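A short write-up of the structure that comes next.
Please treat every number below as a calculation from the coordinates, not as lab data. This structure is a prediction, so every number in the text was calculated from the model and none was measured. Using ideal geometry, Cβ is built from the backbone for each residue, glycine included, and neighbour counts are taken over all protein chains shown.
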Amino acid sequence: MSEPFPERSHHDLGGLPAGPIPQGEHDYALWEKRVDALMVLLTKPDQELMTVDQLRKGIESLPPDAYDRMSYYERWIYSITQALQHNGVITTTELGQKLEELQRRPASSGEST
Amino acid sequence: MSPRFEVGASVRVRNVSPPGHLRTPFYIRGCQGVVERICGPYRNPEELAYGNRQADRVPLYRVRFAQHHIWPDYCGPEQDTVDVELYEFWLEPTSENAHAA
């Protein structure tokens with residue numbers, strides 16, 4: 001009989017066989033730095049709009065295939081988006097409108113290095 | 001909430017996996033270790049994760065485990081250890097525990 005829910009979450013990899021860990025340094029894209037900075041601002045103690053624990057929960061709740069497919073900061077921004085909607089900071093409608101607006105922009109704008 | 005365990009106390013990690021946001025890694029559940037230090041009280045992250053900003057503060061411990069107890073096929077030196085930070089509600093006293101309150 002299979003378990004009704006997994007005892008071990010997909011992200012919980014400690015002790016499982018895995019390949020070698022890349023030890024080299026790597027640069028972050030501008031959007032990745034922005035996501036990191038956004039999280040710092042959102043968790044400021046004086047106006048905490050979400051918690052780091054919510055960030056973790058959102059990441060760890062990703063379906064296994066999405067978790068594997070997404071990059072580190074893609075998981076972050078997915079989770080931040082979920083938490084801000086849950087906490088009533090933004091609505092799904094607002095998010096949809098903003099995404100539409102961004103899609104109408106010329107491809108080059110909004111990108112900087 | 002004063003800590004239930006002292007430094008040096010022998011503790012076992014509860015071997016449970018309820019569906020929720022768990023801050024104890026799977027590999028250490030059910031293992032026995034010794035309290036290395038008391039890190040202090042922190043709001044329960046397993047409740048903070050669901051948006052309860054007023055979650056109770058609970059003691060956090062750093063617990064030391066022998067590597068060869070955790071991994072049956074561990075082939076490193078006998079004295080190798082791993083420290084894991086664990087919240088009090090994940091810990092229970094062991095029968096050889098002389099320090100538990």
Notebook entry, point to check: Over all residues in A:49-56, what is the mean tally of Cβ atoms on other chains that come within 10 Å of each residue's Cβ?
Noted result: 5
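Report the charge-dipole magnitude of chain A in Debye, nearest 20, computed about the Cα centre from +1 at each Lys and Arg Cβ and -1 at each Asp and Glu Cβ.
Values: 11 positive and 18 negative charges, 52 e Å.
The calculation lands at about 240 debye.
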Check: Which of the chymotrypsin sites (Phe, Trp or Tyr not before Pro) across the stretch B:32-101 are loop residues per DSSP, with 13 or fewer other Cβ within 10 Å?
Finding: B:Tyr74
Note to self: Using only Cα atoms and rounding to the nearest 10 degrees, what angle (0 to 90) does helix A:72-86 make with the longest principal axis of chain A?
What the structure shows: 70 degrees
Notebook entry, point to check: Looking at the stretch B:22-69, which trypsin sites (Lys or Arg not before Pro) are in a loop (DSSP not H, G, I, E or B) and have at most 14 other Cβ atoms within 10 Å?
Noted result: B:Arg53
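For the residues B:Val63, B:Val58, B:Val7, what sequence is obtained by ranking on other C-beta atoms within 10 Å, fewest first?
Values: B:Val63 25, B:Val58 18, B:Val7 13.
Sorted ascending by nearby Cβ count, the order is B:Val7, B:Val58, B:Val63.
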Item checked: Simple label model, 7 Å out from Cα along Cβ direction - A:Glu48 to B:Met1, nm -> 1.5 nm
Notebook entry, point to check: Which FRET efficiency value, to the nearest 0.05, is calculated for A:Leu102 and B:Glu92 with the Förster distance at 41 angstrom and r the Cβ-Cβ distance?
Noted result: 0.20
Next item on the list: Treating cross-link reach as a plain straight distance, find the aspartates and glutamates whose alpha-carbon is under 14 Å from the alpha-carbon of A:Lys33, omitting any fewer than eight places away in the same chain.
Entry: A:Glu74, A:Glu111
Notebook entry, point to check: What stretch of chain B, leaving out the sites themselves, is the longest with no GluC sites (Glu not before Pro) in a DSSP loop having at most 16 other Cβ atoms within 10 Å?
Noted result: B:7-77
Next item on the list: Per residue of the stretch B:22-29, in order, report the coupling 6.51 cos²θ - 1.76 cosθ + 1.60 (Karplus, θ = phi - 60°) as ³J(HN,Hα) in whole Hz, putting x for Gly and Pro.
Entry: 9, 9, 10, x, 4, 5, 9, 5
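Given Cβ point charges of +1 (Lys, Arg) and -1 (Asp, Glu) and nothing else, what value in debye, to the nearest 20, does the dipole of chain B about its Cα centre take?
Details: 11 positive and 13 negative charges, 77 e Å.
Approximately 380 debye in magnitude.
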Next item on the list: Give me the compactness ratio for chain A, meaning the Cα radius of gyration over 2.2 N^0.38 Å.
Entry: 1.29
Next item on the list: Report, as a whole number in µm² per second, the diffusion coefficient that Stokes-Einstein gives for the protein assembly as shown at 20 °C and 1.002 mPa s using the Kirkwood radius over alpha carbon pairs.
Entry: 106 µm²/s
Notebook entry, point to check: Gaussian network model of chain B, Cα springs within a sub-10 Å range: biggest mean-square fluctuation belongs to which of B:Pro18, B:Pro59, B:Pro41?
Noted result: B:Pro18
